[in-house]
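The values are calculated or read from the model by the stated rules, or taken from the named source; none is laboratory data. Quick caveat, the model's predicted, so the values are computed rather than measured. Virtual Cβ from ideal backbone geometry, glycine too; neighbours counted across all protein chains shown.
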Amino acid sequence: MIQAVNLVKSFGGVRRVDGVSIEVKKGEIFGLLGPNAAGKTTVIRMLCGIMQADSGTVMINNTSIEKAKREFGYVAQYFGQYAELSVWENLSFYAEMYGVKDKNHLENLLEKYQLTPFRDVDAGSLSGGYKRRLALVCALAHDPKVLFLDEPTAGIDPVTRKLLWDDFYALSAEGKTLFVTTHYMEEASRCHQLAFIAEGKMIAQGTPKSIKNALGDVVVYTYKQSYSPEVTQAIQGLDGVVLTNQFGDDLHIVTEKSLSQSAIETVISDITETSVSLRETEPDLEDVFIALTQGDVS
Amino acid sequence: MIMAIVKKELLQLRRDPRLMGLIIVMPLVLMILFAVALKLEPNNVKMAYLDEDQSFFSNLIKTGIWSDGYFEMYEVLTKEAIIEEIRSGRAKSGMYIAKDFSALLTENKQPHVQLYVDGTMPSLTTAMKYNSSAATDTDVTNDMYFLDEDAPNTVIADDPFIMDTEILFNPDEKETWFFLPGVIGVLIMQIALILTGITIVREREQHTLEQLFVTPISKTSFIIGKLLPYVIITLIDFYVILGVGWLFFDLPQPSSHLLLFALASIYVAVMISLGLLISLISQTQQQAMFVAIFIIVPSILLSGFIFPIEAIPSLVRVISYLLPFTYFVEIIRGLLVKKTLLVDLLYAYGALLGFVVVFVTGSILRFKQRL
């Protein structure tokens, strides 16, 4: 549904997107992951045709972007609706821009996304979550086949975020193709396909499961330990440790297989002066994400 | 799609009380403001003259007027041509000395010298009247008294000749006739430049442009949809302000309503397209505002709207002729006050059309449906 080959974009002589290729199949939710300033927004803007790539090609539904404009919708990272117009006026405006005249369809959309009570409210006075919904509804006015969502849940509370993702799944189940950028790991794990970019380069691509394996032949240990700089430093000093990762009271230690579990346990108990037993766990996306962006794994 | 954008623009305007104030209140405030006239001393005012007498005495008068550098004189062939020169704007004043001037003078019959002054700009008129009195100074007139040996008791007139001053086009020297036509242009310039100047840059700032660029609308439809509401609003504003001038400020009717409408349309097109260009080169609304002010202020000062162009040093006058407003002032004063013929205004109309072409081309080159 979406095919991008070798996209390159420079700003002021700096390559912000460097040879990114993406293929998204119909009905998929495709997640583009990366730290801030990795080039996610630039990539999505090039895919939508609102930013010209320096080189590379984009095809949507097997035609050029210009010809495919009616086939896709786009929700920008920032609220891009007219704050001084009402919810209904915004939706009607975008519908008219695509020549959609079916008022029932629009009313149904409002109903479906719980916006009917706010029909005549100024878009600017909606809460963050409803603003996102309005943006989504405006992008869906012409019933596109493909939907581009740039950080659709940034700054949104967890409950609303879950509701939005339920909507995304529903859209995907209807056969729409979704392209989402995010830096939330649990959202990434909900995507069918993932791509990791850092500093404008694609560093991993595949299903969440295959990406978890991207770390290669490593073991991940988890250990209950509140943050302690001494422990972290001591572990990182060991030969074979790929990275350590603190999640609240959990310390994740990613190591090569050559390093034995007992060696790590000894180092920790020397500092904490208690007996320590590590648990072997699956690597999660965050471990992979941090490892990949730090460039520890190629 | 065009109508969708037009509708959206009008809705946005209606929801923005500040902008509505700009459109309605500002013209009234400025109207009062500009009622206070400014005066400035000009020089090198063009004077068309005809000296049918060609005598020693008539030359004395011409040198008297010429000598202090206020007037710059050139000769025309007929008396009618003098007024025609002033009507066309090539001269601001004129002088006519009749064939029998020296004959009457030698008979002490107080001949008349006819001075014409363009009344469109009262401040200029006053200055011209003052400066032309140099011609009747004693330096000039000393040699003009004749003693008649045969009739020594004849009373010699106090003045050897009489200077008749006729103020053309605006005989009552009404300041409003001078200012109001220009005020209309200033107001239209402000409304058009500021409204259109921010129209695209605001969408850019509020991230709505990004959403618009994804839609299938074409570049031309987008621009037409964006500008159409402002063209109509500004054109209506033009006639509202003009109507106020006609109703309350005794502004004269134009020589041709068709020419006036042509001027209104072309001038609005100039300002709207300039506003569009400003909006396209600016990244923020502040930038757009500043660019607009950078155009408006010199327009007011250097166009001949307040100060006569004759009073502007020739180096700076180059800027005057690069400002569309200069041509507007020229045409509207011509149409309303002087009843100038189209032939003499063609170059000014042409200049305004030229500006439209330049600004529209610039906008098209500058506008890309991309971020």
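Quick grid of which residues meet (1) touching a strand residue (DSSP E or B) at 6+ places or on another chain (Cβ under 6 Å); (2) acidic (Asp, Glu); (3) buried (at least 18 other Cβ atoms within 10 Å of the Cβ); (4) farther than 21 Å from B:PRO216 by Cα:
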| position | (1), (2), (3), (4) |
| --- | --- |
| A:MET1 | yes, no, yes, no |
| A:LEU7 | yes, no, yes, yes |
| A:SER10 | no, no, no, yes |
| A:VAL17 | yes, no, yes, yes |
| A:SER21 | yes, no, no, yes |
| A:PHE30 | yes, no, yes, yes |
| A:LYS40 | yes, no, yes, yes |
| A:ASP54 | yes, yes, no, yes |
| A:MET59 | yes, no, no, no |
Within region A:61-73, the count of residues that are farther than 11 Å from A:ALA141 by Cα, facing chain B (nearest Cβ under 9 Å) and crowded, with 18+ Cβ neighbours inside 10 Å comes to 1
Pair list, Cβ < 8 Å and 6+ apart or interchain, from region B:6-18 residues that are within 8 Å of chain A (Cβ to nearest Cβ) to residues that are in a helix (DSSP H, G or I) and of a type in the set (A, V, I, L, M, F, W, C): B:LYS7/A:PHE93; B:LYS8/A:PHE93
Find the strands (runs of 3 or more DSSP E) located wholly in region A:149-260 whose residues include 2 or more that are within 30 Å of A:GLY73 (Cβ to Cβ), of a type outside the set (D, E, K, R) and touching a Gly at 6+ places or on another chain (Cβ under 9 Å), and list them. A:177-182, A:193-198, A:201-206
Among the candidates A:TYR130, A:TYR98, A:TYR82, A:TYR94, single out the residue that is in contact (Cβ under 8 Å) with a residue 40 or more places away in the chain and farther than 30 Å from A:VAL20 by Cβ. A:TYR82
Quick count over region A:92-137, residues being at the interface with another protein chain (Cβ under 10 Å from one of its Cβ atoms), under 20 Å from A:GLY73 (Cα atoms) and more than 26 Å from the chain's Cα centre (by Cα), is 7
I'm told B:TYR321 meets every condition in (1) touching a helix residue (DSSP H, G or I) at 6+ places or on another chain (Cβ under 7 Å); (2) more than 30 Å from A:SER10 (Cβ to Cβ) except one. Can you identify the failing condition by its number? (1)
Per the list (1) of a type in the set (Lys, Arg); (2) in contact with a helix residue (DSSP H, G or I) (Cβ under 7 Å, 6 or more places away or on another chain); (3) surrounded by fewer than 22 Cβ atoms within 10 Å (Cβ to Cβ), residue check on A:ARG161 breaks on (2)
Given the structure, is B:LEU341 over 30 Å from B:GLN206 (Cα atoms), modelled with pLDDT under 90 and among the hydrophobic types (A, V, I, L, M, F, W, C)? yes
Quick one: in region B:224-243, of everything that is closer than 19 Å to A:GLY99 by Cβ and surrounded by 20 or more Cβ atoms within 10 Å (Cβ to Cβ), which residue is farthest from the other protein chains (Cβ to nearest Cβ)? B:LYS226
